[in-house]
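S.K.: One structure, as structure tokens, below. Some questions next.
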Amino acid sequence: MAQAARRHDGRGAGELRPVKLTASFVRAADGSCLMEQGGTRVICTASIVAGVPRWRQESGLGWVTAEYAMLPASTAQRRPRPEGRPDGRSVEIQRLIGRVLRNVVRFDRLGAHTIYLDCDVLEADGGTRTAAITGAWVALAQAAAKGERDGRFAAGALRGAVAGVSVGLVGGRVLLDLDYAEDSAAEVDVNVAMTSSGRYVEVQASGEGRPFDGRQLEAMLRLARRGIRALLVKQRRAAGRKRT
């Protein structure tokens with residue numbers, strides 16, 4: 001039986017790029033992580049701030065929100081810094097990150113506090129939004145543990161972990177964890193976020209070059225689940241948690 005063709009970087013179809021999560025990367029933050037996935041590197045920090053948005057003040061619940069930005073030299077050509085509001089893509093991605101991470105937070109345990117998750121892309125080589133989700137959870141877990149230790153949060157502020165990965169159809173093949181070269185050539189591009197309990201939080205699927213059917217979607221989701229399970233193990237180790 002012929003061996004399946006290797007990808008341009010030597011990986012098999014279902015292999016992640018090399019992943020490294022370095023916790024406590026930013027000393028001044030309440031939680032932080034340098035997320036490295038292949039050529040993509042994202043600094044994720046978590047900051048605990050007293051108070052919640054005005055619309056949430058009477059609820060007795062805390063809040064978690066996210067911001068995302070690509071640094072000027074994160075891509076081959078310099079990206080201008082946004083003047084005033086972030087660009088539309090950054091707004092979409094930071095909303096995604098916040099929405100995904102809120103799914104594993106018990107807001108009643110945070111008291112009247114907001115956790116800000118800041119994700120800044122140092123180098124972009126595909127999958128920045130999913131890498132930011134994975135790294136931001138490590139920063140969030142550290143901040144939650146710190147808030148519990150110093151009495152700002154009640155115990156059990158997190159109810160699990162969540163990680164994200166990209167998958168796509170490239171040249172008719174289903175591939176896990178697309179880098180930029182693969183992503184730019186993909187006929188179908190899917191971003192998936194899933195919790196440690198095995199439930200989906202987000203599935204963003206786009207037929208960039210052609211429509212896709214249910215069989216192809218399930219094949220892509222199967223690879224995404226495999227990749228996310230591996231990322232969840234790495235997250236837990238980085239955050240120093242025995243279980244998620």
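Derivation of every value follows stated rules applied to the coordinates shown; laboratory data play no part. All of these numbers come straight from a predicted model, not from anything done at the bench. Don't worry about glycine lacking a Cβ; one is built from the backbone with ideal geometry, like all the others, and counts go over all protein chains shown.
S.K.: Do we find a residue being within 30 Å of G168 (Cα to Cα), out of contact with any Asp or Glu (no Cβ under 7 Å at 6 or more places or on another chain) and without any contact (Cβ under 8 Å) to a residue 60 or more places away in the chain anywhere in segment 108-127?
M.R.: Scanning segment 108-127 turns up no residue that is within 30 Å of G168 (Cα to Cα), out of contact with any Asp or Glu (no Cβ under 7 Å at 6 or more places or on another chain) and without any contact (Cβ under 8 Å) to a residue 60 or more places away in the chain.
S.K.: Here's something else I'd like to know. Name every residue in segment 158-181 that is surrounded by 16 or more Cβ atoms within 10 Å (Cβ to Cβ) and over 19 Å from the mean Cα position of the chain (by Cα), in order of residue number.
M.R.: Of everything in segment 158-181, those that are surrounded by 16 or more Cβ atoms within 10 Å (Cβ to Cβ) and over 19 Å from the mean Cα position of the chain (by Cα) turn out to be L169, V170, V174.
S.K.: With segment 1-91 as the region, which strands (runs of 3 or more DSSP E) entirely inside it contain at least 1 residues that are in contact with a Gly (Cβ under 6 Å, 6 or more places away or on another chain) and surrounded by 19 or more Cβ atoms within 10 Å (Cβ to Cβ)? First the steps, then the outcome.
M.R.: Values: elements: 19-23, 31-37, 40-50, 63-70.
By residue number, 31-37, 40-50, 63-70.
S.K.: Do any residues in segment 140-156 that are closer than 12 Å to S47 by Cα have Cβ atoms under 6 Å from those of residues that are of a type in the set (D, E, K, R) and surrounded by 16 or more Cβ atoms within 10 Å (Cβ to Cβ), where the two are at least six apart or on different chains, and which pairs are they?
M.R.: Listed pairs, sorted by first residue: A143/D30; K146/D30.
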